[in-house]
Amino acid sequence: MTRPTPKRKIAIAVLLAVMLTSCAVKQQQPLRPGEEAFPQPHGFNQFTPEDEVKLGHQLAAEVDAQLPELPPRGPIQDYVSTLGQRLAHQLPPNPYDFNFKVVNEKDINAFALPGGPVRINLSTIQAADTEAQLAGVIAHEISHVYLRHSTRNASKQSIAQLPVAILGGVLGNGVGGQLARLGLSFGMGSVFLKYSRDAESEADRTGAKIMYEAGYDPRAMAQFFEKLQAEDRPGTPQFLSDHPNPGNRAAMVMEAISQLPPKLYIENTPEFMEVKRIALTMKPYTAEQVAQMQRQRQPRLNLAGETSIIPANFFQPLNHSAFKMDYPSNWKVLGDSNSAVTIAPPVGISNDGIAYGAVISGYRPQVQQGLSASTEQIYQALRYSNPAMRAVSGVQPVQVNGLSGQAVNLQTTSPFVDENEQPVPERDMLVTVQRPDGSVLWLMFIAPEQQFDALSPTFNRMLQSLQVR
Ligand SMILES: [Zn+2]
């Protein structure tokens, strides 16, 4: 007879633990009243709640600039803010910065960003029959934030750890700022907005709890989602694509609330009916119109104004804790002496990213490895954040002011468009050098393809002044 070796014992213990956990997920206890009885966030998450708040601010700035939102004050916006804050207030103490904005868009949808921003399409208000139904959508979104679903999701995708490790890595002061500085675009199909069915039932359950505590019948939330599902419209409402039905929402909510003492629920209010009346007089933009507006908002590459990007002949030093480097005196430095930095002509930076200049950041590999392996990982991480990016050369050795570095030439699409709103190809050069502490300093030189050669001498002069610390 063989006895389990210690290794096998561990494997069995792990298996049991996994089985127990999955049973625990299946057999949900009914909700109880009171603050301490709130479902808790769980699962591996490599972001801290503070990271989430920062990231949320950055992503919201990007999203708010791109979507047709209602003005910050007005009857609909004021009403939704008040309702949202009242619902968020039911949660146990938390560091999140909840804010609620209405997007003048026709698809029935709502979404939440990490750390607290919640955006609700006008059509959702038009489609809700009662305040309780609208409260249900908002409570569901608040729950995704509180349960930290989008960052848990991002943490699960192992490749996503690379950008985080790189962007929030050795030079990092928060992921969000660097995501934004790098112009890593936050698409509407972003990893932060896709939820699993498990996450959906968790959000329904926590949403039900929020509803109950705020005085709404939690069943109104499930009823609204089922109403969307049943509606005879062409195509799935966007809300259900982003928030897939975990199956039998209404029965699950009924089960979750079965032990809660009965309450006299608020179903509707005159304020909701008035806001809905105003909303119904408005004509929200279609997704197609919104996309068109976004294309028009992209900055144009103004060839006539090119002089503003021409680097000054006079270079000045940048003293960073990880390196020292000279740069054209008329270019700007974003970041500080401990963070990732961007050095660029002011006109080369837009909300959508950097079209001209250099980004300098750091990366600490998980294991000891050669520079080639780190260069490859940095490239993969950048590519993950910007799938249009591709290498147009292999990794090549390069001398950087006496140091052995590596370089790879990349191609992608510039955040700028031409006079005809057509995308402009961009060329980037990624250069990596080892730091004495084993981490890697990486520099990305960026310009539209057409002007890269003209800027090459400037980029080289910067690179050849580099001193790594
Ligand atoms: Zn959801």
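The values are calculated or read from the model by the stated rules, or taken from the named source; none is laboratory data. Since we're looking at a predicted model, the values are computed, not measured. Counting neighbours? That spans all protein chains shown, and the Cβs are built from the backbone with ideal geometry, glycine included.
Restricting to the range 30-42, name every residue that is closer than 17 Å to LEU147 by Cα and either modelled with pLDDT of 85 or more or polar (S, T, N, Q) (or both). Lay out the reasoning, then the answer.
At the first step, the residues of the range 30-42 found to be closer than 17 Å to LEU147 by Cα are 31, 35-42.
Within the range 30-42, LEU31, PHE38, PRO39, GLN40, PRO41, HIS42 qualify.
Confirm whether GLY405 is farther than 29 Å from ARG295 by Cα and among the small types (Gly, Ala, Ser).
Details: farther than 29 Å from ARG295 by Cα: yes; among the small types (Gly, Ala, Ser): yes.
It is true that GLY405 is farther than 29 Å from ARG295 by Cα and among the small types (Gly, Ala, Ser).
Just give me the residues in the range 364-402 being at pLDDT 90 or above and among the β-branched types (Val, Ile, Thr), in sequence order.
Once the filter is applied, which keeps residues that are at pLDDT 90 or above and among the β-branched types (Val, Ile, Thr), the range 364-402 yields THR375, VAL392, VAL395, VAL398, VAL400.
Could you say whether any residue in the range 212-219 is within 15 Å of the ligand (Cβ to nearest atom) and either part of a helix (DSSP H, G or I) or more than 23 Å from ARG148 (Cα to Cα) (or both)?
No, the range 212-219 contains no residue that is within 15 Å of the ligand (Cβ to nearest atom) and either part of a helix (DSSP H, G or I) or more than 23 Å from ARG148 (Cα to Cα) (or both).
Within the range 221-266, work out how many residues are within 16 Å of the ligand (Cβ to nearest atom), of a type in the set (A, V, I, L, M, F, W, C) and out of contact with any strand residue (DSSP E or B) (no Cβ under 9 Å at 6 or more places or on another chain).
The qualifying residues number 10.
Scan the range 108-127 and give yes if some residue there is more than 16 Å from the ligand (Cβ to nearest atom), at pLDDT below 95, at negative phi and of a type in the set (Val, Ile, Thr), otherwise no.
No, every residue in the range 108-127 fails to be more than 16 Å from the ligand (Cβ to nearest atom), at pLDDT below 95, at negative phi and of a type in the set (Val, Ile, Thr).
Does PRO75 count as out of contact with any strand residue (DSSP E or B) (no Cβ under 8 Å at 6 or more places or on another chain), touching a residue at least 12 places away in the same chain (Cβ under 8 Å) and outside the structural domain of GLU288 (by TED's automatic domain parsing)?
Numbers: out of contact with any strand residue (DSSP E or B) (no Cβ under 8 Å at 6 or more places or on another chain): yes; touching a residue at least 12 places away in the same chain (Cβ under 8 Å): yes; outside the structural domain of GLU288 (by TED's automatic domain parsing): no.
So PRO75 fails the test.
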